[in-house]
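Below is one structure; the comments refer to it alone.
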Amino acid sequence: MQIPAELRQRFTRAKCVLALTGAGVSAESGVPTFRGGGNTAVWKGIPFDVISSAEMLERDLPAVWEWFDYRRNFLDAIVPNEAHYEIARWQELFPELTLVTQNIDGLHQKAGSHDVIELHGNIWRARCTKCRFFHDMASEAKRPDGCLECGSFLRPDVVLFGEMLPPGAFELAAERAASCELCFVIGTSGLVYPAAAIPEIAKAAGAYVCEVNPERTPLSNRCDEVLTGKAGEVLPLFRS
Ligand code: OAD
Ligand code: ZN
C-alpha cells in the first residue's frame, strides 16, 4: 500500500493533528477487540457489555473486580506495537498533536505518548465510590481492599455501560477536534458514542479525516480517505 499523494502532502504540512484510537490499535499487541472478526467478547458466559455495566457494579462489585483483575493480569504482559510507537513519534512531528483514546489499557502511555485524553478511563487506576480518591495500580500486584482515605469501596476507574464519561474529557476532545486540520480515526468500530462523534466534529469543522482500519465502519463513508489495513502496518508507511 502507498499513502495517497494528497494525504501525504497534508500530513507533511499539518500543524494541528488529532488522532482518535480504539481497540484495533492494540489488536496487534494481542489485546482482543470488542467487536469485529465475528467475535463478541464474553467473560464466563457473560457478555462484556453486561459485566462492564453500571448495573453490574451496583449488583455485584466483586464480579466486576474479578473481570477487571483478570484483564489487568492479562495486560501486564502486553507491550505496545508499531502503531502505538508511531503515534507517540507524531508528538515530535506536529506542533500540536491531540491523542484521544477509547482504550483503557495504557499502551499509548507505555509507548511514550503523554497528555492522552482517555475517554473511557484507565484500567490501571481505581477510584473511591464515595470520595475523590484515586489509586494507581500500575506498580502493584495486589489492589487495596478499600479506599485508603475513607475505607469505602473502590471501583475500576473505567467508564462502564450506562455511565457518563469522565468530566471534561469529551469536551476537551471535541474542542481539539473542532480546531484540527487533520484527523485520524484508527482501529475503532465507530459504534460507541460520544467517542464516534469526534471525527464527525472534526469533519464538520473542515478537517481532512483519514480512517485506518482493516474493515469498513459506519464512519468510513464520511472520511476523506480510508486506509484499509492494520494500524501497525499502515502507520509506519507515513515515515517513508
Ligand atoms: P471495537 O472492538 O468495537 O472495534 C475495533 C475495531 O478495530 C474494528 O473496527 C476492527 O475492524 C478494527 N481493527 C482490528 N484490528 C485492527 C488493526 N490491527 N488495526 C486497526 N484496526 C483494527 O473497539 P472500539 O471501537 O474501541 O468501551 O470500541 C469502542 C468501545 O466499545 C470501547 O472503548 C469499549 C467498548 O464498549 C468501554 O469499555 C466503555
Ligand atoms: Zn474514599
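Overall, the ratio between the Cα radius of gyration of segment 137-194 and 2.2 N^0.38 Å, rounded to two decimals, is 1.63. Share of carbon and sulfur in the accessible area of segment 171-240 stands at 52%, probe radius 1.4 Å. Listed by chain and number, the lysines whose C-alpha is less than 24 Å from the C-alpha of residue 142, apart from same-chain residues fewer than 8 away, are 44, 110, 130.
Note on segment 1-60: dipole from Cβ charges, positive end direction compared against 47, 24, 4; the farthest Cα belongs to 4.
By how many degrees, 0 to 90 and rounded to 10, does the Cα axis of helix 169-179 deviate from the longest principal axis of the chain? It is inclined by approximately 10 degrees. For segment 1-115, the convex hull drawn through the C-alpha positions has a volume of 135 cubic angstrom per residue. Each principal axis of segment 79-122 carries a Cα extent, and these read 26, 21, 12 Å when sorted largest first. Convex hull volume per residue, computed on the Cα atoms of the chain, equals 123 Å³. Ellipticity at 222 nm from helices only: DSSP H runs of n ≥ 4 in the chain, each -39500 (n - 2.57), divided by the residue count, give -8500 deg cm²/dmol. Under a model in which nothing but the beta-carbon of Lys, Arg (+1) and Asp, Glu (-1) is charged, segment 1-76 shows a dipole of about 600 debye around its Cα centre. Expressed as a fraction of 2.2 N^0.38 Å, the value expected for a compact globular protein of N residues, the C-alpha radius of gyration of segment 100-240 is 1.21. Which residue, 12, 101, 33, tops the fluctuation ranking in a GNM of the chain built on C-alpha contacts under 10 Å? Result for the chain, Cα springs under 10 Å: 12 fluctuates most. Sorting 1, 164, 56 by accessible area puts them as 164, 1, 56; the probe is 1.4 Å, largest comes first, and only protein heavy atoms count. Loop-located GluC sites (Glu not before Pro) across segment 133-240 with a Cβ neighbour count of 13 or fewer within 10 Å are 140, 149, 215, with loop assigned by DSSP. Within straight-line reach of residue 230, meaning a Cα separation under 14 Å, sit the following aspartates and glutamates at least 8 residues removed in sequence or on another chain: 28, 82, 86, 211, 215.
Which order do you get for 143, 89, 59 if you rank them by accessible area with a 1.4 Å probe, largest at the top?
Listed by decreasing accessible area, they come as 59, 89, 143.
Computed from point charges on the beta carbon alone (+1 for Lys and Arg, -1 for Asp and Glu), the dipole magnitude for segment 1-155 about its Cα centre is near 200 Debye.
The values are calculated or read from the model by the stated rules, or taken from the named source; none is laboratory data. Nothing here was measured: the structure is a model prediction, and the numbers come from that model. Cβ coordinates were reconstructed from backbone atoms using ideal geometry, including for glycine residues, and neighbour counts include every protein chain displayed. When the accessible area is computed, the model is the full protein with side chains, heavy atoms only, and any ligands, DNA or RNA have been set aside. Shrake-Rupley method; radii C 1.70, N 1.55, O 1.52, S 1.80 Å.
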